[in-house]
Amino acid sequence: MEIRALKIFNSIKLILFLILGVITVLTACGDLVKESDTGACDNAIDARNYDKALSVCTSRKDKASAYMGKAGYDIINMLKSSGTSTSTLIDPTTGSTLGKDDNIGASILNILQLSVADIADKNTRAAAISSSRTNLDNASALLQSSLGDNSSSPLTTDEILLNTFAISFAMQLNQLEIFDNKTTSTSTLPSVNNLSCTQVSDYASTKARVVLIAMDGHLWAAERNGMMCNRIKNAVDALADNTTVVSASFKQEDKLHFHIYDTVCDPLESLTTYLSDLALNLTELKKAISLSGDNTKVIEKADNSTKALMAAVGCVK
């Protein structure tokens, strides 16, 4: 059954794998975020003046590279992130009520220099994450339409690699925007008795506050539950007659009840699009290079994280 909208890194070892993998791409396969065919474009990108690069660069690869640089994806930031770790956090609450920490988003924020350590203020950080995703989307928009042999000017291997990273990173940032907001619930589904979403115990404790931070890239299972429970509750409340949905416990087999499915899952459609585009790029990439080994873990884990998320909340076809 195809995942609708929520399938989509772990320790310092993963960060090192990523840095080594990307540097290998930049040096062995051609610079993705560096050199240009023209002097003005080359100088602008080398100086990290990406706005100027967008105005003077002419090739789609150079323009896409400039957008990637604006998003925070360049050699300087990757080298900075290589000296720091992003470990999976351990739930410190009594009874482990926060659940599992998915830290893939935190690893990407670290690479893009958008983590809590880089931008302490939550609102400023959220705005920077949104801006980064927009630039990643802009990079992919220049490339995605030329993917595949049927294009009059098909992407090179370098461009497919660049597009693959743009999509997987943007997908994870979007996942954080939707779910990483410090809201928790003990379940994805509301109570059938009073349509309530129950906050996890120890939510307000000092122990929980240390690790439960909005837009920090650490997406706890309880945060995912909190966002989905409230979405489902609001959708059920809006029905003229919710008896059928409530009596079915809000679901039909492994997906949400059709009376609330579109209302709850349509806002997650962007994640479905990212997954589809990522799959197409991986198919093309496998024709040119081997994707086995540690260097592709960043992409694989991003993909698996979103897929698992979508399945867990019932947004599947």
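The values are calculated or read from the model by the stated rules, or taken from the named source; none is laboratory data. Given the structure is predicted, the values throughout are model-derived calculations rather than measurements. Cβ atoms come from the backbone with ideal geometry, glycine included; neighbour counts cover every protein chain shown.
Search the stretch 47-65 for residues that are more than 17 Å from D158 (Cβ to Cβ) and charged (D, E, K, R) and pair each with any residue that is in a helix (DSSP H, G or I) and at pLDDT below 95 when their beta-carbon atoms are under 6 Å apart and the residues are at least 6 apart or on different chains.
Once the first residue is more than 17 Å from D158 (Cβ to Cβ) and charged (D, E, K, R) and sits in the stretch 47-65, its partners that are in a helix (DSSP H, G or I) and at pLDDT below 95 give K52/A44.
Yes/no per residue for (1) surrounded by fewer than 15 Cβ atoms within 10 Å (Cβ to Cβ); (2) modelled with pLDDT of 90 or more:
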{"site": "I75", "(1), (2)": "no, no"}
{"site": "I90", "(1), (2)": "yes, yes"}
{"site": "T97", "(1), (2)": "no, yes"}
{"site": "G105", "(1), (2)": "no, yes"}
{"site": "L109", "(1), (2)": "no, yes"}
{"site": "I119", "(1), (2)": "no, yes"}
{"site": "T124", "(1), (2)": "yes, yes"}
{"site": "A127", "(1), (2)": "yes, yes"}
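Taking S115 as meeting all but one of (1) farther than 27 Å from L256 by Cα; (2) part of a helix (DSSP H, G or I), write down the number of the exception.
(2)
Looking at (1) in contact with a Leu (Cβ under 8 Å, 6 or more places away or on another chain); (2) in a helix (DSSP H, G or I), which is the only condition Y73 fails?
Here Y73 meets the rest and fails (2).
Within the stretch 264-317, take every residue that is assigned to a loop (DSSP other than H, G, I, E, B), touching a helix residue (DSSP H, G or I) at 6+ places or on another chain (Cβ under 8 Å) and surrounded by fewer than 23 Cβ atoms within 10 Å (Cβ to Cβ) and give me the one that is modelled with the highest pLDDT.
I289
Condition check ((1) modelled with pLDDT of 90 or more; (2) within 22 Å of D101 (Cα to Cα); (3) not aliphatic (A, V, I, L, M)) across all residues:
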{"position": "N181", "(1), (2), (3)": "yes, yes, yes"}
{"position": "S196", "(1), (2), (3)": "yes, no, yes"}
{"position": "D202", "(1), (2), (3)": "no, yes, yes"}
{"position": "I213", "(1), (2), (3)": "yes, yes, no"}
{"position": "N225", "(1), (2), (3)": "yes, yes, yes"}
{"position": "A240", "(1), (2), (3)": "yes, no, no"}
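Pick out the one residue from K207, K182, K233 that is surrounded by fewer than 22 Cβ atoms within 10 Å (Cβ to Cβ), touching a Cys at 6+ places or on another chain (Cβ under 9 Å) and of a type in the set (D, E, K, R). Quick ask: steps written out before the conclusion?
Numbers: K207 fails: touching a Cys at 6+ places or on another chain (Cβ under 9 Å); K182 fails: touching a Cys at 6+ places or on another chain (Cβ under 9 Å).
Only one candidate qualifies: K233.
Between S131, S151, S168, which is surrounded by fewer than 19 Cβ atoms within 10 Å (Cβ to Cβ) and under 18 Å from the mean Cα position of the chain (by Cα)? Walk me through how you get there before you give the answer.
Working: S151 fails: under 18 Å from the mean Cα position of the chain (by Cα); S168 fails: surrounded by fewer than 19 Cβ atoms within 10 Å (Cβ to Cβ).
Only one candidate passes the filter, namely S131.
Could you list, ordered by first residue, the pairs with Cβ atoms under 7 Å in which the first is in the stretch 133-147 and under 14 Å from D51 (Cβ atoms) and the second is of a type in the set (D, E, K, R), at least 6 apart or interchain?
Close Cβ pairs satisfying both conditions: N135/K70.
Among (1) more than 13 Å from the chain's Cα centre (by Cα); (2) surrounded by fewer than 24 Cβ atoms within 10 Å (Cβ to Cβ), which single condition is A139 missing?
Of everything listed in (1) more than 13 Å from the chain's Cα centre (by Cα); (2) surrounded by fewer than 24 Cβ atoms within 10 Å (Cβ to Cβ), A139 misses just condition (2).
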